[in-house]
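See below for the structure under consideration.
The values are calculated or read from the model by the stated rules, or taken from the named source; none is laboratory data. Note that this is a predicted model, so its numbers are computed, not measured. Cβ placement follows ideal geometry from the backbone for every residue including glycine, while neighbour counts extend to all protein chains displayed. The accessibility values were calculated without ligands, DNA or RNA, using every heavy atom of the protein model including side chains. Shrake-Rupley method; radii C 1.70, N 1.55, O 1.52, S 1.80 Å.
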Amino acid sequence: MKKHWILSILMSMVLIGGIVLPTGHYAAADNSTVISDEVNTEETINQEEQELTADDQDFLDYLDALEAAAVYETKAMSAIGGNTYITSSNRKSFFLTLNNTAIPNYTKYVSMLKQIKPENAQLKKIHDKLIKGSYAQLEGYQLFKKAVSKTTVNRTFLKQGNDKIATGKKSIEQYLKEVKTYGEQLGFEM
């Protein structure tokens, strides 16, 4: 059980850090440059901005939308943290964490993911895998909540929750591979 939670959290962090915040697209300006060089640099940047295709812009807009949604995923995952092994002594606190913080924030995250509508058909198909995986993980968290809602831990719901998390993880892993490939095809460093 602990392995599934840790993998779920790791995949979420990979999504937040690896996809939402692409690296290598920032430039630092040296204050000692000559004014004519600054003008040429600005012209080059403006030309690069103008050369963005519709697919490039759609992908950048998509990443911005993901970044906005990731705030809620981060809150949910931070609330759960390393508290993944359920015993009778931590059952109640785990229930309260799920009920009051993790599930509401993850629900908001999934809701925001569903509102993201990429224009590009290929990107939309890739994004649907993220929605599918994230929704499965939300169902897993809800099953965990159900498992710890009574005075004794319900092992059946716990197993079902782990199965949902595993299903969601597979879909999210597939999403991560495909969105990385898609971004690289567009010329973004992923």
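Listed values, structure above:
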{"item": "Accessible carbon and sulfur surface of segment 92-176 relative to its total accessible area, %, 1.4 Å", "result": "52 percent"}
{"item": "Cα Rg over Rh - segment 47-190, Kirkwood", "result": "1.08"}
{"item": "Shape call, segment 106-190: gyration tensor on alpha carbons, a/c limit 1.5", "result": "prolate"}
{"item": "Filter on Lys124/Lys170; Lys108/Lys129; Lys75/Lys145; Lys117/Lys159; Lys75/Lys125 - keep pairs with C-alpha separation over 22 Å", "result": "Lys117/Lys159; Lys75/Lys125"}
{"item": "Per residue solvent-accessible surface (Å²) - segment 49-190, probe of 1.4 Å", "result": "52 Å²"}
{"item": "Relative contact order for segment 53-108, counting Cα pairs under 8 Å that sit 6 or more residues apart, in percent", "result": "45 percent"}
{"item": "Given charges at beta-carbon only (K, R positive; D, E negative), |dipole| of segment 43-162 in Debye", "result": "1800 debye"}
{"item": "Summed side-chain charge close to Glu119 - residues other than Glu119 whose Cβ falls under 11 Å, Lys, Arg +1, Asp, Glu -1", "result": "-1"}
